[in-house]
Amino acid sequence: MTPEEEVFSLFQNWTGKRPSQILSLGAHGSARKYWRVLEGDHSFIAAWNEDLRENEAFFYYSKSLLERGVNVPEVYLVSDSRKCYLQQDLGDTTLFSLLLDKQRSGRGFDTEMLTLYKKVLDDLSTIQCVGRDLSFSYAYPRSDFDEQSIQWDLNYFKYCFLKLRHTPFDEELLERDFHHLIAYLLDTDCSYFMYRDFQSRNIMLANGALYYIDFQGARRGAAQYDAASLLYSSKSNLPEPIRQELLTHYIECMASKNGINKDEFRQRFYGYVLVRILQALGAYGYRGYFERKDYFLGSIPLALDNIRLILESHPLPVELPHLTSVLQSIVESENSHPASATQGGLTVTVNSFSYKKGIPQDSSGNGGGYVFDCRALPNPGRYPEYRCYTGKDRPVIEFLEGDKAVEDFLAAAEKMVGASISKYLERNFTSLTVSFGCTGGQHRSVYCAERLAKWVNENFNCQIVVRHTEQQ
């Protein structure tokens, strides 16, 4: 039975009904597969994963955290194989997507985002404390973020970033510094529920509340690691003064709930920032240099900016001479300019338009750009129930999302546009225009423009402007 067939069978056995639609959902850097399953007005998320131990960890943590009042998705039904399960659909809005929308519109990290992040950190401190009494026998792949776990992360950085990037280093001296760093990191309270992948993509906003997903890698460990993951996420690229304000808020939350030593907690925090960034660089190197996925390569300059910040502003009180030297050589190398150096250098303007009104002109004065014709795609505008909506509205999104013709069309557009953006960034060009047209400029073109703009924003370090010419 294929994963899709197992999803269909599980849903039908549970509800006694055939799903009206099954839409494939992407999963960055994960072997798990996800679908949105629709039946009437109801929507569910189906997941399929061959790793049974990882699944059992997720099932246990989901049930246990729900019982403790934590907003995590409810698991409704698990297949007999334990590979497939149905869970609560929390929609598509993540903390990361909201942050990107604000950055794209020029609002940046505003008061609303600051309030949301403080609430997230308050929730994190609760999760970490109430989760301390869980059974970590379910944890996968290890029960504790211990010496072995940290060594795995550091080796990931060494072999999948340094070696694939051809960065010279002395292996013996580097290993010596790794052991010193590990000893420093573990010299603190490591008895908390450590979420492991606590980042803005794993925080959902649904029904006016925050929900937390993808905690199957949780284990026992130091609380600082999760806060470091959130505040120093490369793609989120939070302003440093905001990070400091949020860190102070988080430490106050932890002090009120668990009586920590605030000064010691803050000092140890930057060691966990460093090890988290090194682990992330290992992932970016493997997915980018080895698997050739541009999405991950685009995160490297931002991660190196964070490394530079740690070296210059938050040095650790532990001797790491060779690791420090290697990191300094990377951030100072010719191909490792600060992300801010290119931020704003290239502006990608993405238009939607109606062919009845004509193709938008390139306002940069350079001419050219891409024009994609969406009129061969399935047209929701032919159906009365969709005519009052646009490609930004959920009914139209669900109509187009996951359709093979639409996905193939967008994949081809992304490949062409992505190749140009890479070259434009290398050559310091300042403008690229991409336009999507359909008959009325309301449905297909709007949907495709929004999808491409989101993809560019997540994969490249440039400014994005989105214009829907028939909605202005």
> Can you find even one residue in the stretch 9-19 that is at pLDDT below 95, in a strand (DSSP E or B), under 25 Å from ASP403 (Cα atoms) and of a type outside the set (Val, Ile, Thr)?
Replying inline: no
> Within the group THR126, THR115, which residue is open to solvent by 60 Å² or more (accessible area, probe 1.4 Å), in a helix (DSSP H, G or I) and of a type in the set (Val, Ile, Thr)?
Replying inline: THR115
> Name the pairs: first residue in the stretch 128-139 and hydroxyl-bearing (Ser, Thr, Tyr), second residue buried (at least 17 other Cβ atoms within 10 Å of the Cβ), Cβ to Cβ under 8 Å, at least 6 apart or on different chains?
Replying inline: SER135/TYR60; TYR138/ALA57; TYR138/TYR60; TYR138/TYR61
>> What's the number of the only condition in (1) assigned to a helix (DSSP H, G or I); (2) within 22 Å of the chain's Cα centre (by Cα); (3) at pLDDT below 95; (4) surrounded by fewer than 23 Cβ atoms within 10 Å (Cβ to Cβ) that GLY285 fails to meet?
In response: (4)
>> For the structure I just gave you, tell me whether ARG268 is at pLDDT below 90 and not polar (S, T, N, Q).
In response: no
> Which ones in the stretch 288-334 are within 19 Å of the chain's Cα centre (by Cα), modelled with pLDDT of 85 or more, open to solvent by less than 40 Å² (accessible area, probe 1.4 Å) and over 13 Å from TYR232 (Cβ atoms)?
Replying inline: ILE300
>> Looking at the stretch 59-78, can you tell me whether even one residue there is among the aromatic types (Phe, Trp, Tyr), over 22 Å from the mean Cα position of the chain (by Cα) and part of a strand (DSSP E or B)?
In response: yes
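The values are calculated or read from the model by the stated rules, or taken from the named source; none is laboratory data. Predicted model, so just to flag it, every value in this text is computed and none were measured. Positions of Cβ are generated from backbone atoms using ideal geometry, with glycine treated the same way; all protein chains shown enter the neighbour counts. Note: accessible area is taken over every heavy atom of the protein model, side chains too, but ligands, DNA and RNA are not part of it. Shrake-Rupley method; radii C 1.70, N 1.55, O 1.52, S 1.80 Å.
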